[in-house]
Amino acid sequence: MKAGRRIRVAQAASLRYPELWRRAILIVWPFLLVSAGAVRAEPDLAAATIVVYNSSVGESAQLAKFYAQKRGIARDHVVGLACSNDEEISREDYEKTIAEPLRAAFKKHDWWTLQKEAGKPAVAISSKIRFVALMKGMPLKIRPAEPSADEKKPEGLIGGRNEASVDSELVLLGRFGVSTFGAVNNPYFQSYRRIMEVSDLPMLLVCRLDAPSASTVRQMITDAIETEKEGLWGRAYIDGAHNTAVGYEIGDRWLAEIVQQVRKVGIPAVYDNVPELFPAGYPMSDCALYYGWYAGGVTGPFVQPGFHFAKGAIAVHIHSFSANTLRDPNANWVGPLLTKGAAASIGNVYEPYLQLTSHLDILNDRLLHGFTFAESAWMSMQGLSWMTTMVGDPLYRPYASWLQLDLKSADAGSASDWKMYHDFAVKNVALSPAEYRTAARKAASRAQNGPMIEDLGLLELKDGHNAEAIGYFQQARTLYKTREDILRVVLQEADLWVKQEKPKKAAELLRGVIKLITDGPTAELLKQKERELNPPPPGATPRR
């Protein structure tokens, strides 16, 4: 991978040393105090949302109407702007065709309370609009520009840059006449408060409903709304890089924290913490959450023709240019992930530096606590007026149904395997780890819950209890009915035999399965692993 295509981390320290950020901090809105209070009942989010589309693009207007109808958003909250159909625009075009017309709309509809002082630009001190949905057809990113006649370009790799995503720039629409250079401290970073509860913070939570095709955007909208009612059920697949280089280790820390978060609430987690990504053919079934890094373009299971995410899935891969374009279903990461069925993703349109990407552990935590996608995404961002785009329904709350869950009346016998595991985890959260494992083993075996059994095996594997882990994997194999699930636990058991320096046992297991399953991408993966464990003698014809 070319050096220019990698997320740079040399400036990560600039977030720790305020003197390096003086030129980047352009806004003085007060920081929010983090509150650990419970999420309250959902307010009227539709009334606090506007939908913005490109009036020069027919499908943009159609998608805006579709989304507004699905979410019950009033007609006068649907705003058309005549702007470029290009993904990348100039700073001048952004101001003339997007920012200025939108500010005019806010003033016309009395959506802002403005504070004006003599000799100073007006500043929005409160806003009735908190969420903005940008529709497919709206420009994606603002190319770098030279400073205007009345501003001086700051020094530094952060302070000296003024390219940005359109989304991140619009978050700060309520500021006027301020320099566009550098990142801006996000006062909503790490918050635990609903944006509707923060009246003195007029920032806009901007997301875009965008994808390579209009049909994909419609599916993202309907999947989000249906998932809110049904719940987001399935596995989390976490793909770490085991990168210990200075500055890079934080990415792996985020991902390791997510593994702990999801298991606490009974979401099974497959955690791969080796430099290689999940390989092509890996049986990634029922993928509800995906977080990973670090490759320049989509790869692994996601390129297989038959792969599809669980309905409503959240999928994010960290890379400098993961959202460099959203129009190509095969380019970078965000477009392909959405094309494969994810309802929401986060990406970067230009080089962001790792600390200024989404802190994925915060994103995932807030989603699990019932916040909207927009709230969770912007709570996870340390900088604004920067490079990140949030792609998905801003009002989507994938785990909202959990907040109304009546645990006392839950019937584990009739519940799905996913719901049963979640109910068990929530009910038994106060148990010690040993007591929890004992109770979980009994409950999972009694219910013949394959996902829960497999996850208990992965927990034992993490703790170095190899014999127990193999027992769980073998038990899960007898319970699973789908090919992908069976093959995944076979791979896990084979890997564990290899770790125990018993490659012959691993090879025998793989050969036995290969005899039964001879075709498909996962069969090829099994054959490859078996060949690595049992290579042909020198001069022999390679086995197929």
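The values are calculated or read from the model by the stated rules, or taken from the named source; none is laboratory data. Just so you know, these numbers come straight off a predicted model, no measurement behind them. Virtual Cβ from ideal backbone geometry, glycine too; neighbours counted across all protein chains shown. SASA here: full protein model, heavy atoms, side chains in, ligands and nucleic acids out. Shrake-Rupley method; radii C 1.70, N 1.55, O 1.52, S 1.80 Å.
How many residues does segment 229-253 hold that are in a helix (DSSP H, G or I) and out of contact with any Gly (no Cβ under 9 Å at 6 or more places or on another chain)?
Residues in segment 229-253 being in a helix (DSSP H, G or I) and out of contact with any Gly (no Cβ under 9 Å at 6 or more places or on another chain): 4 in total.
Where residues in segment 115-128 are part of a strand (DSSP E or B) and in contact with a Lys or Arg (Cβ under 8 Å, 6 or more places away or on another chain), which of them is farthest from Val51 (Cα to Cα)?
The residue in question is Val123.
Which number in (1) modelled with pLDDT of 95 or more; (2) open to solvent by less than 50 Å² (accessible area, probe 1.4 Å); (3) assigned to a loop (DSSP other than H, G, I, E, B) marks the one condition that Leu32 misses?
Exception for Leu32: condition (1).
Please work out if Leu479 is within 20 Å of Ala288 (Cβ to Cβ), open to solvent by less than 50 Å² (accessible area, probe 1.4 Å) and either over 30 Å from the mean Cα position of the chain (by Cα) or modelled with pLDDT under 95 (or both).
Judged against the criteria, Leu479 is a match.
Check Ala47 against each of (1) in a helix (DSSP H, G or I); (2) farther than 20 Å from Arg194 by Cα and name the one condition it does not meet.
Checking Ala47 against (1) in a helix (DSSP H, G or I); (2) farther than 20 Å from Arg194 by Cα, the one that fails is (2).
Mind listing whichever residues of segment 87-114 are assigned to a helix (DSSP H, G or I), open to solvent by 10 Å² or more (accessible area, probe 1.4 Å) and of a type outside the set (Val, Ile, Thr)?
If the condition is that a residue be assigned to a helix (DSSP H, G or I), open to solvent by 10 Å² or more (accessible area, probe 1.4 Å) and of a type outside the set (Val, Ile, Thr), then Arg91, Glu92, Asp93, Glu95, Lys96, Glu100, Pro101, Arg103, Ala104, Ala105, Lys107, Lys108 are the ones that fit.
I'd like to know if segment 456-473 contains one or more residues that are without any contact (Cβ under 8 Å) to a residue 40 or more places away in the chain, farther than 25 Å from Gln260 by Cβ and more than 29 Å from the chain's Cα centre (by Cα).
So far as segment 456-473 goes, no, none of its residues is without any contact (Cβ under 8 Å) to a residue 40 or more places away in the chain, farther than 25 Å from Gln260 by Cβ and more than 29 Å from the chain's Cα centre (by Cα).
Taking the condition of being open to solvent by 30 Å² or more (accessible area, probe 1.4 Å) and among the aromatic types (Phe, Trp, Tyr), how many residues in segment 253-272 meet it?
1
Going by what's in this entry, would Leu491 be described as of a type in the set (A, V, I, L, M), without any contact (Cβ under 8 Å) to a residue 40 or more places away in the chain and open to solvent by less than 80 Å² (accessible area, probe 1.4 Å)?
So Leu491 fails the test.
In this structure, is Ile258 in a helix (DSSP H, G or I), under 26 Å from Ala295 (Cα atoms) and β-branched (Val, Ile, Thr)?
Judged against the criteria, Ile258 is a match.
Listed residues Ala149, Ala145; which is open to solvent by 50 Å² or more (accessible area, probe 1.4 Å), in a loop (DSSP other than H, G, I, E, B) and not polar (S, T, N, Q)?
Ala149
Could you look through segment 157-193, keep only residues that are in a loop (DSSP other than H, G, I, E, B) and of a type in the set (Gly, Ala, Ser), and pick out the one that is surrounded by the most Cβ atoms within 10 Å (Cβ to Cβ)?
Checked segment 157-193; the qualifying residue surrounded by the most Cβ atoms within 10 Å (Cβ to Cβ) is Ala183.
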